[in-house]
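Undergrad: Have a look at this one.
The values are calculated or read from the model by the stated rules, or taken from the named source; none is laboratory data. Since the structure is predicted, the reported quantities are computational estimates derived from the model, not experimental observations. Quick reminder, even Gly has a Cβ in these numbers, built from the backbone with ideal geometry, and neighbours come from all protein chains shown. Heavy atoms of the whole protein, side chains included, go into the accessibility calculation; ligands, DNA and RNA do not. Shrake-Rupley method; radii C 1.70, N 1.55, O 1.52, S 1.80 Å.
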Amino acid sequence: MNIEHLYRQVIMDHYKSPKNKGIVADNSYMTVHLNNPSCGDEMTVQVKVQDHIITDVKHQGTGCSICCSSASVMSVTLKDHTIVEAQAILHEFYELIKGYPFNQEILTGDAIVYQGVSQFPARVKCATLAWKAAEQAIIKIKEGKTNG
Ligand code: ZN
């Protein structure tokens, strides 16, 4: 099995059996909705922070396998990290998506399977949509904003 095949398998696993999928009606979560018109992806992400730690991440959306699988990977990757750590992880993920060197001690786990996306500029927005939504939610929480 070559590495590209392995990566494709991880992406399909998250697409078929996403982690943390589903939106909750709970105002303690910060909710951000983003879309990607170029591919038709729609993504809603919810982030819950308690004492500066991301205690839960939820996502729900429709779109391509890259976008939907990436939301699942994002939720697993950011959960249980502090806000500061999560922002560092987000930064490293964007570096990886652009095909730049990234810090493998900060960005760990399944997220590295999106490394190959840098070769397909049209898919970069698909791979980053859920991560951008989570980033916006974190920024809003840092600014002390609430939903609505
Ligand atoms: Zn897409």
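Undergrad: Percent of accessible area on the chain owned by carbon and sulfur, 1.4 Å probe?
TA: Values: 4090 of 7930 Å².
Carbon and sulfur together cover 52 percent of it.
Undergrad: Extending each Cα 7 Å along its Cβ direction at H91 and E105, get the distance between those two points in nm, one decimal.
TA: So the two model labels end up 1.4 nm from each other.
Undergrad: Tell me, what is the 1.4 Å probe accessible area of Y15, in Å² to the nearest 10?
TA: Only protein atoms counted, so the area is about 90 Å².
Undergrad: If you don't mind, another one. K19: which aspartates and glutamates have alpha carbons under 16 Å from its alpha carbon, excluding same-chain residues fewer than 8 sequence positions away?
TA: D56, D80, D110
Undergrad: Still on this structure, please answer the following. Counting only heavy atoms of the protein chains, get the accessible area per residue of the chain (1.4 Å probe) and round it to a whole Å² value.
TA: Numbers: 7930 Å² over 148 residues.
Here the per-residue accessible area is 54 Å².
Undergrad: Using a 1.4 Å probe and ignoring any ligands, DNA or RNA, find the accessible area of I53 and quote it in Å² to the nearest 10.
TA: So the heavy atoms of I53 present about 70 Å² to solvent.
Undergrad: Under a 1.4 angstrom probe, counting protein chains only, how are K16, K125 ranked by accessible area, largest first? Before the final figure, lay out the partial values.
TA: Working: K16 150, K125 130 Å².
These residues rank, largest area first, as K16, K125.
Undergrad: Rounded if a/c is under 1.5, else prolate if a/b beats b/c, else oblate: with a ≥ b ≥ c from the C-alpha gyration tensor eigenvalues square-rooted, which is segment 1-119? It would help to have the intermediate numbers written out before the result.
TA: Values: a/c = 1.76, a/b = 1.25, b/c = 1.41.
Cα axes put segment 1-119 in the oblate bin.
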